[in-house]
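What follows is a short report on a single structure.
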Amino acid sequence: MSKRKARDAHLPVGECISQVQEILRKRLCNQQLPDRPEGVEAQHKHLLELLKRTAVHGESNSVLIVGPRGAGKTMLLKCVLRDLLMEKEAQKNLLQVHLNGLLQTDDRIALQEMTRQLHLENVVGDKVFGSFAENLNFLLEALKKGDRSSSRPVLFVLDEFDLFAHHKNQTLLYNLFDVSQSAQAPVAVVGVTCRLDVLELLEKRVKSRFSHRQIHVLSNPTFRQYLERVQTQLSLQPGDLPDDKFAQHWNVSIKTLCEDKSVEEALQRHYNSSKDFRSNHMLLMLCLSRVSVAKPAIKPADLLEASRMCFIDAEANMLHGLSILELCLIIAMKHLNDLYEGEPFNLQMVHNEFKKFLQRKSNSMYNFEQPVIMKAFEHLQQLEMIRPVDSSTAKTQREYQLMRLMLDHTQVMEALQKYPQCPTDVKQWAMSAFG
Amino acid sequence: MSALLQHPGYEEERLQTVAKQLPCREVQAGMLLSLMGQPHQYSYPSIFIYGHQSSGKSHVLHVLLKELELPHATVSCVECVSVALLFEQVLLSFFGCVAASLLPRSPSLSDFVRIYRQQSSQSPAKQTRYIVMEKAELLRDSNANLLPALLRLQELVEDNVSVILLSEIVWDRFRPNTGCFEPLLLHFPDYSKGELQHILAQDRNPSYSDEFYSAYINILLGVFYSVCRDLRELRHLAALNFSKFCEPLAEGKVKETDTHKLWRNIEPHLKKAMQTVYLREVSSLQWEKMQQMEEKENGALRGLSAHTHVELPYYSKFLLIAAYLASFNPARTDKRFFVKHHGKIKKTNFLKKNEKTSNHLLGPKPFPLDRLLAIFYSVVDSRVAPTASIFSQISSLVTLQLLTQVSHSEQLDAPKYKCAVSMDFICAISRTVNFEIIKYLYDFL
């Protein structure tokens with residue numbers, strides 16, 4: 001044992017880093033399931049209990065898991081399923097059908113997918129069905145076992161549940177809930193959605209068949225918990241790495257990272273803007289990507305840099321790359337916006353505003369022809385920094401089409417500060433209150 | 001320089017060749033590489049790269065994926081007029097043509113994911129597969145579910161796949177109403193002037209010295225940099241104008257080092273190029289021809305916009321002029337312009353301050369047919385009878401899109417029109433019939 005350890009301890013740093021990267025990337029990118037879902041223990045218990053009743057006792061149920069994006073709804077469901085399948089009886093009996101609102105965009109496709117997932121293609125064959133309900137009943141009928149009169153329990157998981165409500169007549173939902181209400185085959189319908197008002201989307205006849213059981217996943221950790229979460233996300237479990245020494249070293253470095261004052265401040269800012277898992281993962285992923293052999297630990301500076309990247313204003317970045325002419329046009333638009341309180345403008349007005357600026361100057365380094373300005377204007381439109389007010393482009397000439405600026409006053413000013421080699425007169429023009 | 005491109009998962013030599021092909025983009029390539037990680041490790045499910053046109057987004061990715069031999073599918077969303085093409089291309093480059101042929105006719109997302117899963121379970125990814133979507137902004141216009149589904153494709157197909165979206169529009173304009181999986185945002189900044197100079201100087205002509213060519217690039221950037229920062233466009237302009245730049249050298253008038261004289265020679269040409277080639281009014285072939293012509297005739301070189309003219313019948317020209325006047329003058333001023341003995345109109349009353357000059361800013365206003373005809377009869381110098389030929393000329397002006405009909409076409413008794421030509425155009429037209437239009441325009445009184 002001690003001999004092996006001694007050998008393992010000699011793993012080169014590169015090897016260790018590579019393994020750390022692999023483990024953490026699985027966690028952060030592939031959403032590897034944690035051993036215990038944290039913060040949602042009550043919901044976990046509730047859902048597990050519910051599904052167990054279907055799987056083991058043949059009870060029908062329907063439930064919705066509601067929560068904002070990235071709060072861990074799917075993680076919760078997957079954890080529950082994993083725990084459920086540990087039970088022998090459930091594993092033997094339970095059939096699963098996973099549907100996703102993004103993929104199964106209408107009921108016909110959904111039914112095909114259901115048939116496929118239940119491995120009933122052969123049974124259905126070339127049969128022609130009169131209605132959707134008939135088809136679904138046939139499917140469930142086919143699942144009945146020979147020896148008992150009861151059917152095998154089926155679990156339907158509907159991801160992006162709200163999208164199913166847009167299907168024509170909500171036939172799928174109606175039939176699934178109908179089956180779950182009446183004492184036909186035991187089914188459990190689990191909907192996962194991010195819309196809190198999802199019940200409003202359901203038709204009356206569908207709504208009345210739903211059990212109105214909702215599980216809310218609102219991850220609302222305190223800042224302490226949030227910090228701990230960051231730490232556990234980045235730490236290694238004992239046994240993850242063959243090289244214990246390195247693992248310990250890594251964990252210590254993570255601990256000191258989380259205790260750093262500046263890091264805490266940065267995390268506080270993230271905590272204030274969003275508390276979900278996904279955005280947290282993105283931040284940590286950016287940190288992790290900066291770890292290399294030359295720098296085998298996450299330093300506070302890495303996290304600060306990653307945090308800066310998360311909060312960066314994309315619009316300002318794009319403004320930075322505009323040419324002087326385009327920037328001048330943006331400034332002219334900003335002035336027009338200030339002057340006419342957000343009324344839409346057209347190219348002629350912008351050009352006129354720009355000309356007013358040029359007239360005040362003696363040298364004419366920005367003397368551009370109208371078509372050149374038009375091209376710059378169209379480039380801005382292509383970048384969607386300005387948008388036409390109405391889309392009927394055919395009837396009006398391009399230079400008279402009304403536009404709106406999609407940028408903020410402050411965004412323009414900030415971008416101007418950062419702009420490389422911005423001429424002072426342009427800067428002053430932008431600062432001045434009225435043209 | 002190449003120190004930034006180091007990664008344990010890849011061979012040193014390959015990274016060297018990558019670095020050589022990516023001048024001035026080392027930071028971005030390094031960043032991307034570190035996000036991608038080693039080939040067998042998971043990468044972030046979706047990465048959104050944004051930056052201006054020709055800031056090297058596609059190039060960097062293409063070079064990285066190709067040189068490092070990572071499994072990838074590059075899809076340009078412009079080419080994919082239907083999602084079927086997109087799916088086919090992805091399946092084709094990952095699993096070969098057999099898998100692509102499994103797609104049914106007009107496949108849905110569900111079919112695509114099913115086939116992908118089926119194939120990837122047969123040949124699981126040993127290395128991260130990358131799907132690169134160029135011009136991703138077009139994905140918004142197709143199926144509403146496509147973009148959210150692609151963003152979380154890794155989860156849907158349960159394979160080590162990463163989707164990389166490239167666009168020049170910021171992510172905020174992509175986000176659907178109910179939100180979606182947020183991709184990792186990565187910005188490719190524009191090239192600075194120095195970097196542009198560096199890159200442009202690389203494709204120099206072998207028969208001239210380095211200094212000479214970079215002096216040329218310097219002059220070119222001096223003229224165009226304030227208008228255009230697009231590397232591709234600048235490169236095109238550089239290639240086009242270089243022969244002109246070398247001309248005095250070939251004639252032996254100037255030495256290579258005499259940059260000032262060379263500048264004096266080329267500057268007017270570049271200015272002209274800005275008015276023509278840059279605006280794509282003439283093709284580069286036409287531009288070269290025009291330059292040769294100019295040498296012979298020594299005439300002024302003008303863009304297409306300067307000599308756009310349409311041959312119109314005599315009365316049509318006047319109709320167009322009348323339409324222009326009706327569109328850009330307020331109706332109450334017609335009396336002042338077109339009635340011979342209009343009596344006294346007070347000047348202060350006539351010229352309302354805020355109304356003045358605003359007509360040409362706000363664009364043409366619609367006018368009824370009666371007003372058009374009334375103005376037409378007063379501007380045309382001979383007596384014209386209101387015959388069918390006049391009316392048919394109006395409708396042919398509409399078909400030529402010089403006028404647009406504003407009211408519905410069913411409305412026969414009082415149709416309304418708008419003039420849709422520019423100021424320059426109408427001035428050119430009125431010059432041909434010796435009509436001084438400026439005198440009749442309210443904005444220019």
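Observations, loosely collected:
- Filter result for B:ILE390 (over 37 Å from the mean Cα position of the chain (by Cα), away from chain A (no Cβ under 14 Å) and not in a loop (DSSP other than H, G, I, E, B)): yes
- Residue selected from the range B:26-40 under the condition open to solvent by 10 Å² or more (accessible area, probe 1.4 Å) and in contact (Cβ under 8 Å) with a residue 24 or more places away in the chain, by the criterion nearest to the other protein chains (Cβ to nearest Cβ): B:SER34
- Evaluation of B:ARG140 against the conditions (1) crowded, with 20+ Cβ neighbours inside 10 Å; (2) under 18 Å from A:GLY101 (Cα atoms); (3) among the basic types (Lys, Arg) shows that the sole unmet condition is (1).
- Selected residue (criterion: most open to solvent (accessible area, probe 1.4 Å)) from residues of the range A:392-431 that are among the small types (Gly, Ala, Ser) and within 14 Å of another protein chain (Cβ to nearest Cβ): A:ALA394
- Failed item, numbered, when A:LYS78 is tested on (1) surrounded by fewer than 22 Cβ atoms within 10 Å (Cβ to Cβ); (2) on the phi > 0 side of the Ramachandran plot; (3) within 27 Å of the chain's Cα centre (by Cα): (2)
- In the range A:263-283, residue farthest from the other protein chains (Cβ to nearest Cβ) [restricted to those that are over 13 Å from the mean Cα position of the chain (by Cα) and hydrophobic (A, V, I, L, M, F, W, C)]: A:VAL263
- All helices (runs of 4 or more DSSP H) inside the range B:153-262 with 1 or more residues being under 30 Å from B:TYR116 (Cβ atoms) and either in contact (Cβ under 8 Å) with a residue 60 or more places away in the chain or assigned by TED's automatic domain parsing to the domain that holds B:ASP111 (or both): B:153-157
- A single entry from A:LYS299, A:LYS355 fulfils the requirement of being basic (Lys, Arg) and in contact (Cβ under 8 Å) with a residue 24 or more places away in the chain: A:LYS299.
- Among the residues making up the range A:121-134, those that are at pLDDT below 80 and surrounded by 10 or more Cβ atoms within 10 Å (Cβ to Cβ) are A:GLU121, A:VAL123, A:VAL124, A:PHE129, A:SER131, A:PHE132, A:ALA133.
- Residues within the range B:1-21 that are modelled with pLDDT of 85 or more and buried (at least 20 other Cβ atoms within 10 Å of the Cβ), tallied: 3
- Condition met for A:SER151 (open to solvent by less than 50 Å² (accessible area, probe 1.4 Å), on the phi < 0 side of the Ramachandran plot and either of a type in the set (Ser, Thr, Tyr) or without any contact (Cβ under 8 Å) to a residue 24 or more places away in the chain (or both)): yes
- Considering B:ALA273, B:ALA250, the condition of being open to solvent by less than 50 Å² (accessible area, probe 1.4 Å), out of contact with any strand residue (DSSP E or B) (no Cβ under 7 Å at 6 or more places or on another chain), farther than 16 Å from B:SER54 by Cα and small (Gly, Ala, Ser) is satisfied by B:ALA273 alone.
- Taking the range B:134-162 as the range and being touching a helix residue (DSSP H, G or I) at 6+ places or on another chain (Cβ under 7 Å) and away from chain A (no Cβ under 12 Å) as the test, the residues that pass are B:GLU134, B:LEU139, B:SER142.
- The residues of the range B:46-69 that are in a loop (DSSP other than H, G, I, E, B) and surrounded by 16 or more Cβ atoms within 10 Å (Cβ to Cβ), listed by number, are B:HIS52, B:GLN53, B:SER54, B:SER55, B:GLY56, B:LEU68.
- Check on A:LEU303, under 30 Å from A:LEU76 (Cβ atoms), within 11 Å of chain B (Cβ to nearest Cβ), open to solvent by less than 10 Å² (accessible area, probe 1.4 Å) and within 29 Å of the chain's Cα centre (by Cα): no
- Flag if A:LEU102 is closer than 30 Å to A:VAL40 by Cα and touching a residue at least 40 places away in the same chain (Cβ under 8 Å): yes
- Residue count for the range B:163-192 satisfying the condition of being within 11 Å of chain A (Cβ to nearest Cβ) and surrounded by 15 or more Cβ atoms within 10 Å (Cβ to Cβ): 19.
- Inter-residue pairs, beta-carbon under 9 Å, first under 11 Å from A:LYS334 (Cβ atoms) and in the range A:410-427, second loosely packed, with under 14 Cβ neighbours inside 10 Å and of a type outside the set (Val, Ile, Thr), 6+ apart: A:MET413/A:MET431; A:LEU416/A:MET431
- Checked against (1) under 22 Å from B:ARG235 (Cβ atoms); (2) open to solvent by less than 10 Å² (accessible area, probe 1.4 Å); (3) facing another protein chain (nearest Cβ under 9 Å), B:SER43 passes all but condition (1).
- Matching residues in the range A:70-80 - criterion: being in contact (Cβ under 8 Å) with a residue 40 or more places away in the chain and either assigned to a strand (DSSP E or B) or among the β-branched types (Val, Ile, Thr) (or both): A:THR74
This table checks each residue for (1) in contact (Cβ under 8 Å) with a residue 12 or more places away in the chain; (2) open to solvent by less than 90 Å² (accessible area, probe 1.4 Å); (3) of a type outside the set (Asp, Glu); (4) part of a helix (DSSP H, G or I).
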residue: B:SER395; (1), (2), (3), (4): no, yes, yes, yes
residue: B:GLU410; (1), (2), (3), (4): no, no, no, no
residue: B:ASP413; (1), (2), (3), (4): no, no, no, no
residue: B:VAL421; (1), (2), (3), (4): yes, yes, yes, no
residue: B:CYS427; (1), (2), (3), (4): no, yes, yes, yes
residue: B:ASP443; (1), (2), (3), (4): yes, yes, no, yes
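- Looking across the range A:81-94 at every residue that is surrounded by fewer than 16 Cβ atoms within 10 Å (Cβ to Cβ) and not in a helix (DSSP H, G or I), the one that is modelled with the lowest pLDDT is identified as A:GLU87.
- Here A:LEU347 does not fit the description of being in contact with a strand residue (DSSP E or B) (Cβ under 6 Å, 6 or more places away or on another chain), within 13 Å of another protein chain (Cβ to nearest Cβ) and open to solvent by less than 40 Å² (accessible area, probe 1.4 Å).
- When B:PRO45, B:PRO107 are checked against the criterion of being free of Cβ contacts under 8 Å to residues at least 60 places away in the same chain and of a type outside the set (Asp, Glu), a single residue qualifies: B:PRO107.
- In the set A:VAL97, A:VAL13, only one residue is open to solvent by less than 20 Å² (accessible area, probe 1.4 Å) and touching a residue at least 40 places away in the same chain (Cβ under 8 Å); that residue is A:VAL97.
The values are calculated or read from the model by the stated rules, or taken from the named source; none is laboratory data. These figures come from a predicted structure and were not determined experimentally. Neighbour counts are summed over all protein chains in view; Cβ atoms, including those assigned to glycine, are modelled from backbone coordinates with ideal geometry. We work out accessible area using only protein heavy atoms, side chains counted, and drop any ligands, DNA or RNA first. Shrake-Rupley method; radii C 1.70, N 1.55, O 1.52, S 1.80 Å.
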